[in-house]
Amino acid sequence: MPKDQSIKSVLIIGSGPIIIGQACEFDYSGSQAARSLREEGIKVILINSNPATIMTDPMMADRVYLLPLNVESIEQILQENNIDAVLPTMGGQTALNLCKEADELGIWEKYNCRLIGVDVAAIDTAEDREQFRQLMVKIGMAVAPSRVANSFLEGKEFAQEIGFPLVIRPSFTLGGTGGGFVHGKEDLDAALEKGLKASPIHEVLVEKAVLGWKEYELELLRDCNDNVVIICTVENLDPMGVHTGDSITVAPAMTLSDTAFQEMRNKAMLMMRSLGNFAGGCNVQFALNPATEELIAVEINPRVSRSSALASKATGYPIAKIAAKLAIGYSLDELKNQITQTTSAYFEPALDYVIVKVPRWNFDKFKGANDTLGLQMKSVGEVMAIGRSFPEALQKACQSLENEAVGLGYYGKSLMKSEEIVEYIKTPKWDRIFRIKDALMQGSTVKSIAQATGIDRWFLYQIQEICTIEKELLKHTLESLPESLLKEAKKMGFGDAQIAKILNGNCHEDEVYEKRKQLGITRVYKMVDTCAAEFEAKTPYFYSTFEG
């Protein structure tokens, strides 16, 4: 089905000021969408109250409004411009909430402006916890035992019915705002009050906490013909209990069996198709019981999200750009794959590399802030690394954090003994990944760390391999360092500065660089082409690695 010719102008709603818990990924998607629509000859009007964004640059849209994100501003824009459609899926939860409010007041109908990329029923179903639960039950998807409460007393009653530990999830909030875990009666009152206050409709979901289960997120696109593609499957290294924005995430999923993966794909498609009749992007979160592979639906977001931005960069598939074109009527098979320029966009990317995303926190700027990670997102940004293996990508990401970490080494920062570290890492904190490595270096077992953290043993064995290389490096000076060990260390993501710090007697990173240069150990560049080299790529980008 070709482009809808009746759409001549589109209003894109941005996400407003960048707040902790709402990072700037929505600027990335909004900018992509604006360019995508203008390619089609459509006039783009954009509203965002944040001038420090790329999307509000005058060259991005035909008209840019730096106005507060409220209904009054929307009405002013509709009065001043002849707008055919509004695209609210590029501005996060802020844009969806504003779109819903305008719909309830009859603003879109009054100005003959229609919604594209999502429908109001889908926003309601996805964000209203009770509607979401009922839909999941209707389509046969398992969910955690839960009840919706609109008052403090209701919440207390339901909490006693369901039993502890619990999770409180407010409706219509972003970044886990107002949410939290309740481990016992003594924490319940404060958590309920906080959640009800955070929800714009004074509603919370009181849910059984599936702490320790594994968490996965799938990015999907759907067109007007109900074709669905899964762009990326992302696995959280941290188990349920840490907000996905605060968790280290890995793509593609590393520890899924094929049967669990296929079931997850099928259920994600079923969930998206059941959500409503619209074309665009969506992401689905699942929890998986590591012992039984039982799967439950956690949530669905009918919009481009922060994880969509990650998935775009991870796969080379421009999700927001394609989602914008699907919203104006194109089907997936009519659009070109942006990287190969020859195959259609109706395909699922294949990754022959590993992506690791590590969040970045800034607790030192907020004295007295609680640095324990939970349901409410606290990171101020994130870094993404590409490597041929998980250890390489993890170390490259850690090198980019700008927090004195040199690879997976926060050298000289921990004076704790092995048993103290194992106790410390039971609570998720920003430095847990570094402390896990410290514990393994001191001889703690993978089993004890897995029990303390709930992190899958596969990831821990990979970190143990990093420790094995580091222990070998400790035995050598730069002069005695064997070529094979240096080559292996570089393959595992060790930076020159990191190797210099570890080597017996220490040395300067320039000396390590000169030595490996003499030995011919130099980086090579591999291609991100979305299709694992199956087709020729016309517009690829590259990552460096030390694999031959």
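The values are calculated or read from the model by the stated rules, or taken from the named source; none is laboratory data. Source: prediction; values computed, not measured. Don't worry about glycine lacking a Cβ; one is built from the backbone with ideal geometry, like all the others, and counts go over all protein chains shown.
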Residue count, the range 310-336, condition at positive phi and over 23 Å from the mean Cα position of the chain (by Cα), comes to 1
Of the residues in the range 190-225, those that are within 18 Å of A126 (Cβ to Cβ) and surrounded by fewer than 17 Cβ atoms within 10 Å (Cβ to Cβ) come to P200, I201
Looking across the range 253-302 at residues that are more than 21 Å from G140 (Cα to Cα) and in contact with a helix residue (DSSP H, G or I) (Cβ under 9 Å, 6 or more places away or on another chain), the single one that is surrounded by the fewest Cβ atoms within 10 Å (Cβ to Cβ) is M254
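Going through the range 385-400 one residue at a time, which ones are in a helix (DSSP H, G or I) and not aliphatic (A, V, I, L, M)? Step through it out loud before you land on a result.
First, the residues of the range 385-400 that are in a helix (DSSP H, G or I): 390-399.
Across the range 385-400, the qualifying residues are F390, P391, E392, Q395, K396, C398, Q399.
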Inside the range 344-396, the number of residues satisfying the requirement of being of a type in the set (D, E, K, R) and within 19 Å of the chain's Cα centre (by Cα) is 6
Residue under question is M416, and the condition is that it be in contact (Cβ under 8 Å) with a residue 24 or more places away in the chain and either farther than 24 Å from N506 by Cα or not assigned by TED's automatic domain parsing to the domain that holds G316 (or both); does it hold?
no
Practice task
For Q93, state whether it is closer than 24 Å to F286 by Cα, of a type in the set (S, T, N, Q) and in contact with an Asp or Glu (Cβ under 8 Å, 6 or more places away or on another chain).
Solution key: yes
Item to complete: Go through the residues of the range 314-322 one by one and say whether even a single one is hydrophobic (A, V, I, L, M, F, W, C), touching a strand residue (DSSP E or B) at 6+ places or on another chain (Cβ under 6 Å) and in a loop (DSSP other than H, G, I, E, B).
Response: no
When (1) under 26 Å from I18 (Cα atoms); (2) out of contact with any Ser or Thr (no Cβ under 7 Å at 6 or more places or on another chain); (3) among the aromatic types (F, W, Y) are applied to F172, the one that fails is (2)
Scanning the range 226-240 residue by residue, the ones that are touching a residue at least 24 places away in the same chain (Cβ under 8 Å) and buried (at least 21 other Cβ atoms within 10 Å of the Cβ) total 8
Cβ pairs under 7 Å, 6+ apart or interchain, first in the range 356-367 and within 15 Å of N403 (Cα to Cα), second part of a loop (DSSP other than H, G, I, E, B) and among the aliphatic types (A, V, I, L, M), ordered by first then second residue, are V358/I248; V358/L401; R360/V380; R360/L401; W361/V380; N362/V380; F363/A369
Residue set V242, V284, V250; condition modelled with pLDDT of 90 or more and closer than 25 Å to R432 by Cβ; output residue V250
If we ask which residues in the range 1-44 are modelled with pLDDT under 80, of a type in the set (A, V, I, L, M) and either closer than 23 Å to G329 by Cα or outside any strand (DSSP E or B) (or both), their number turns out to be 4
With criteria (1) under 26 Å from F172 (Cα atoms); (2) touching a residue at least 60 places away in the same chain (Cβ under 8 Å), I45 comes up short on (2)
For helices (runs of 4 or more DSSP H) lying entirely in the range 87-189, having 1 or more residues that are in contact (Cβ under 8 Å) with a residue 24 or more places away in the chain, surrounded by 15 or more Cβ atoms within 10 Å (Cβ to Cβ) and out of contact with any Leu (no Cβ under 9 Å at 6 or more places or on another chain) picks out 92-104, 120-127, 129-138, 152-162
Those residues of the range 516-536 which are crowded, with 16+ Cβ neighbours inside 10 Å, more than 12 Å from Y317 (Cβ to Cβ) and either in contact with an Asp or Glu (Cβ under 6 Å, 6 or more places away or on another chain) or modelled with pLDDT under 90 (or both) amount to K526, M527, F535
_Is it the case, given these coordinates, that V234 is assigned to a loop (DSSP other than H, G, I, E, B) and under 24 Å from W458 (Cα atoms)?_
no
Sole miss for I54 among (1) within 20 Å of S307 (Cβ to Cβ); (2) crowded, with 23+ Cβ neighbours inside 10 Å is condition (2)
| Before we move on, is I168 hydrophobic (A, V, I, L, M, F, W, C) and assigned by TED's automatic domain parsing to the domain that holds V182? | yes
* Asked: Any residue in the range 70-77 that is within 28 Å of the chain's Cα centre (by Cα), under 30 Å from S274 (Cα atoms) and not in a loop (DSSP other than H, G, I, E, B)?
  -> no
Selection status of L196, over 30 Å from I328 (Cβ atoms) and at pLDDT below 85
no
